[in-house]
Amino acid sequence: MNGLPSNLGIDLVEIKKAKSFYDRHKENLGSFFTAREVLEIKQSKKPHVQMALCLAAKEALFKARGIGKARAGIQLSFIKKEDYVIALARSL
């Protein structure tokens with residue numbers, strides 16, 4: 001394997017790419033995110049950054065769960081930088 005614990009998921013989303021995605025899909029966010037996530041994104045001062053956080057969290061969660069495996073409890077952590085966000089998900 002890659003040396004990471006099997007219950008750990010990490011994802012990085014570039015802010016520049018997130019902005020481009022947000023600009024193209026801002027009217028259709030409900031296709032990608034829950035109603036609560038869409039509300040948080042739209043209410044944010046920087047919606048594309050909030051969207052990047054949501055996307056990174058989802059991807060990290062899928063990786064932590066092994067995509068499709070049902071496990072209870074997930075611990076999420078975020079690292080925000082100017083050019084990217086990183087989400088860390090750990091299945092408990």
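The values are calculated or read from the model by the stated rules, or taken from the named source; none is laboratory data. All figures in this text were calculated on a predicted structure; none of them were measured in a lab. Cβ placement follows ideal geometry from the backbone for every residue including glycine, while neighbour counts extend to all protein chains displayed.
A few comments on the model shown:
- Residues that are touching a residue at least 40 places away in the same chain (Cβ under 8 Å) and in contact with a Lys or Arg (Cβ under 9 Å, 6 or more places away or on another chain) were ranked within segment 6-39; the one that is farthest from Arg90 (Cα to Cα) is Ile15.
- Selected residue (criterion: modelled with the lowest pLDDT) from residues of segment 26-42 that are surrounded by 14 or more Cβ atoms within 10 Å (Cβ to Cβ) and within 18 Å of Ala57 (Cβ to Cβ): Phe32
- Selected residue (criterion: surrounded by the fewest Cβ atoms within 10 Å (Cβ to Cβ)) from residues of segment 59-83 that are touching an Asp or Glu at 6+ places or on another chain (Cβ under 8 Å) and at pLDDT 80 or above: Asp83
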